[in-house]
Structures are given as C-alpha cells and as structure tokens.
1. Give me the residue from the range 203-219 that is outside any helix (DSSP H, G or I) and among the charged types (D, E, K, R) and, out of that set, farthest from Ile183 (Cα to Cα).
2. Yes or no: the range 361-371 includes at least one residue that is among the aromatic types (Phe, Trp, Tyr) and either at pLDDT below 80 or over 44 Å from the mean Cα position of the chain (by Cα) (or both).
3. Please specify each residue of the range 246-273 satisfying the condition of being exposed (fewer than 11 other Cβ atoms within 10 Å of the Cβ) and part of a helix (DSSP H, G or I).
4. Is it the case, given these coordinates, that Gly530 is under 24 Å from Leu446 (Cα atoms), at pLDDT below 85, over 57 Å from the mean Cα position of the chain (by Cα) and surrounded by 17 or more Cβ atoms within 10 Å (Cβ to Cβ)?
5. Let me confirm something: among Asp450, Asp461, Asp481, which residue is of a type in the set (Asp, Glu), in the same structural domain as Glu420 (by TED's automatic domain parsing) and at positive phi?
6. If we keep just the residues of the range 219-264 that are modelled with pLDDT of 85 or more and among the charged types (D, E, K, R), which is farthest from Glu300 (Cα to Cα)?
7. Residue check: is Leu297 surrounded by fewer than 17 Cβ atoms within 10 Å (Cβ to Cβ) and touching a helix residue (DSSP H, G or I) at 6+ places or on another chain (Cβ under 8 Å)?
8. Among the residues of the range 441-491, count how many are part of a loop (DSSP other than H, G, I, E, B) and of a type in the set (A, V, I, L, M, F, W, C).
Amino acid sequence: MKNKILTSVMITVLFAIIIVVSSFMIITNLEQEKFTTEELRNINYLVSELNNVTDISNNNYEAIRELNTTKINGIDVRFTLIDNNGVVLYDNEQLSGENHKDRVEVKEALANGQGYSKRYSDTIKAYLIYYATKLKNNYVIRSSVSINTITLLQKENIKYCLGILALVIPFSVFLSLRLVKKIVDPVKELESVTLKMAHGDYEIRADINTNDELGTLGNSFNNMAEQLQLKIHEVIDNQNKIESIFKSMESGVIAVDNHDNVISINPCAESLLGIRKNIVGQCLLDYVNDYDINKFLQEEGESDKEIKILHPIERDFKIKKSEMFDGAENIGKVITFQDITDINRVELMRRQFVANVSHELKTPLTSIKGFAETLKFVKDDETREKFLDIIDKEAERLSRLINDILVLSKIESNLTIDMEEFEPRIVIEEVLNIMRKIAVNKNIKLEFKDTSDKKVLGNRDKFHQLVLNLVENAIKYSKDDSGKVEVFSYDKDEYYCLIVKDNGVGIPKEDIPRIFERFYRVDKSRKKGGTGLGLAIVKHIVKLFNGEINVKSEVGEGTSFEVKIPDI
C-alpha cells in the first residue's frame, strides 16, 4: 500500500509539473511572440520614418542595409522590400524570385497598412514571424525573425529547468513520504490491532489521535471492538451457563445430526451408556450396544419409549427423541435419557408396602374374626377365656401395627416438629426405667454408661421413641437368663454418639442391608412378634436429627447399633 500511494503521489506530482511547465511555456511563448511582433512593428516603423523613400524608389538600399545588424533575442532580423506588385526588391539574407503579393502579411499590409503572419519559409527553410508595413510609395517593408527567439527550452534555459526539477522532485518525494506515513501508520495500527483481536486479545484498542477521517475510523473501530468484546463476553457467559446446566443435568442428553453423528453429549449420558471417551463427531450407534435403543433411534414412528438395559449395569430408561431445526431446515435430533430405575424401584416398594400392609392387617383381623365367630358356639368357659386372650393379643398387635404405620407416615410426611435442647441422658434413663421390668422378667441385665456433657437439638419425643425402639429390639433378641444389653452415651469429635449393644442372636450379613426396610423381619417365623416397622421408624428419626446410624452384628454373638448426631 505504501508503494502504491508513493507511486501515485509521484505520478501526480510529475503530471502537475508537466502541466505547469507546459502552461508556463505556452504563456511565455505567447508573451514572447507578442513582444517579438511589437519589436518587428517598431523596427518597420523606424524604417518607414528614418529612411528616404526616394532613395528606396531609386534602388538605393543603403539605408536598409545599415539595419542588418539589428537583433531580437540575439537573432538577426531579416528585412525584405517588396513593391506593390509583389516583386521582392531587396532581402538582406536571400533574394527570392517568387512573387510575394499573395503572402498573408503582404496582402494585409497592402490592404490595411500592416500585416502579420507566422509560418514556414521555403526560402530559408525555417519557421519565421513576419511583420509587414506599407510605405508611402506603396512599397512594403517586411521584417522577420526566426521563431527560435521565442522558444523557452533553449540551451541556456535547460539547465534552469533541470535545476528546478532537481529541487522539486526530492522535495516532492519528501512530502510524499510524510503524507504516506501519515496515511499508512494509522492503517498499520488498525491492521496490528485487528490481528491481535483475531488471536483473542479483545482488550486492545487502536491508538489513532487525529482529527481527520482516519481518526474517525479509529474511533469507530474502537467502539466496534468494545461492543464486540461485550457481545463475546455475553456469548461466553451464556455458553458457560448452558454448558454448566448441560453438564449438571441428571438426565442424559445427546444431540446428533442427520447421519447420527454426535454433535454434543453430556457427562450423564456418557455415564448411563458406559461411554468412556469423547465421541463427538462419531456415529452414536457405534457406541450404543443395546439392540432396543438402536432400534428406537433408527425408527421414525415412536418419539418416547421405556427400555431396560443390562450394560453397563441394569437400568430402566425412558428415552425421548425430538427433531432439531435451524430455521426451517432439519439438522438432526436431540435424544434424552431419563434413568427411571429409582422411580420404578420406589413404585415397586410402594406396591410391596401396600401388599405388606394389607397382609399384616389381614392376619390379625382374620384371627380376630375367626375366634369371634367361634365364640358364638363355644360354651366352655375355659375355652372361651382362651379364645378371648387370643383375640386380645391380636387386637393389641393390630393396634401396634396401626400406630407404627401412623408414626412412620407422620415422620415421612416431613411435618413441622417442635425443636428444643435436651439432655439425652435424661431421656435414655426414662426409657430404661420403662424397659427395666421387661428385662428383669427375661433375666436380662441392663447397663448404662454416660460420659456425654452435651445437649441435643431436636424433638425430645422422637429421640425417646428412637431409644425405646432400639432398647426394645435389643431386649427382644437377647438371650434369656444370660442376656445383657449395654447402652453407651458419649461425645466424639463434633458428634453425640449413642450405642445400643446386645449379646443376642445377631443378624446374618445378607440381611443387614435390608433391616431398615418396612415390614422386613430377620425372624421369618415371627416368633418374636413385632410389626417390622421399628427400625424403619428409627432410621427416619435419625434423618430428622441430620444424623447417621450404623450396624455391626455377628450371628450368635449379638448386634450393636450406633447413632451419631451432629452437635448443636
């Protein structure tokens, strides 16, 4: 660009010089021609006034010859005497035999007294300026001079022209370079800033401090860069938000093009499908090994479907697909994978719970109904008393079951409970006092060791129920006559800890993960009684206290329940 501007400027300068010089030459030549013409007219006038016309008529040209040394601009003046018939009588350079009556200047002189012309002379082979004046005897005196007298580019003038060019051209180059620098430097600044912005530097701005169009362009560029920076930050923020949402979704989302090549996939989808590498740009069907999923993705009819997969682990999926458009053009589809395994498991647990409740309620009701109907036909007092005892026990069992179901339902409903600070030692002693009679009847030893000095924040009645259920279970499953139940209350780090330990029958390892399920009993024969909801209630109460419960048990050696509740 710099060379182009410099070349253009130099061509313009040279063209301007040529125009100026040419114009100057033309004007100067016109002035010189006018001056020469005036000189010739004056010379003719002197000839007509100073010379004797009679002598001229008698062919005495001595007076004219005295003017032969007359010069204009260093060039000798040519004199020609012509009679009224056009015959050349005298010429101080070369006498011509041609008739000059038809010469322009001669005709004008004969007609008007004076005549002028500028033409090529065949006699002396040169361009001349002629000026003719009519004398008193009707002769015509004509003076002429070579046109070289008015040519500007004479040898003595060429050196001046070259000198002027030698000064003008370097000065023009200097000014051109300054002009080019003034134009090109801001352009280079814009080019440099543009390149840096293209490489990610959106903080840079153009430093152009001029008040011309380039300055306006620089300010406009900086404003554009600032707006671009704001828009890019906005786009990046939105993209980061979308990516964060996309990555944190609990449902798998995959976007594919019309050839099933992956456009985008979130971590949840990779985890659900067992994909362990980046598959963006690759065909999704090559990495999905389940036949049902592949068939669903390739079919056009269904838009959602529930599918069970076995790889990488057994799961239940609800898959949905929808078309993806860019304006009116279909560019692919979006596939969502929702893991409904837990939902199905909860639904199964709900159905099992309803079935278990129905079964648990049906058993005592059947016993009560059966023995009540039998009593109508029993007349033996002893048998009647026996049946009434059975009905009483089943009614009590039914009442406990209903109470436990209501308690569990109330806890799971997350109703607002009263919060208070209380000393766990006092609650534990109350529970032990309640259970001590049952323990004594079974010859089971109760021991309580308390080293805690902290208070617990929560519902005192719920904590009472928690301790009661654990101690009651420990007594129930301890060995008769040699049983021992130990209760430990202490502080550890930032937790209050409660341990209820017995030396009873213990729990098999395969049953430990399920003991907190509702209606689950380790004692399948139900000889120990109970509703099967006690530990489920304990677990939910521990959650209310934001705590945790752990179980350690060995068959034949006993069981230990540890409850940890965070400090206030």
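The values are calculated or read from the model by the stated rules, or taken from the named source; none is laboratory data. Quantities reported herein were computed from a predicted structural model and do not represent experimental measurements. Here Cβ is always computed from backbone atoms with ideal geometry, including for glycine, and neighbour counts include all displayed protein chains.
1. Going through the range 203-219, the residues outside any helix (DSSP H, G or I) turn out to be 203-212.
When the remaining residues are screened for being among the charged types (D, E, K, R), the result is 203, 205, 207, 212.
Working: Glu203: 25, Arg205: 18, Asp207: 14, Asp212: 10 Å.
Residue satisfying both the conditions and the ranking: Glu203.
2. Yes, the range 361-371 contains a residue that is among the aromatic types (Phe, Trp, Tyr) and either at pLDDT below 80 or over 44 Å from the mean Cα position of the chain (by Cα) (or both).
3. Ser248
4. On the way: under 24 Å from Leu446 (Cα atoms): yes; at pLDDT below 85: yes; over 57 Å from the mean Cα position of the chain (by Cα): yes; surrounded by 17 or more Cβ atoms within 10 Å (Cβ to Cβ): yes.
Criteria met by Gly530.
5. Result: Asp481 is the single residue among Asp450, Asp461, Asp481 that is of a type in the set (Asp, Glu), in the same structural domain as Glu420 (by TED's automatic domain parsing) and at positive phi.
6. Among those that are modelled with pLDDT of 85 or more and among the charged types (D, E, K, R), it is Lys231.
7. On the way: surrounded by fewer than 17 Cβ atoms within 10 Å (Cβ to Cβ): no; touching a helix residue (DSSP H, G or I) at 6+ places or on another chain (Cβ under 8 Å): yes.
No.
8. Start the filter on the range 441-491 by keeping residues that are part of a loop (DSSP other than H, G, I, E, B), which leaves 442-444, 451-455, 459, 477-483.
Next, from what is left, pick out any that are of a type in the set (A, V, I, L, M, F, W, C): 444.
The qualifying residues number 1.
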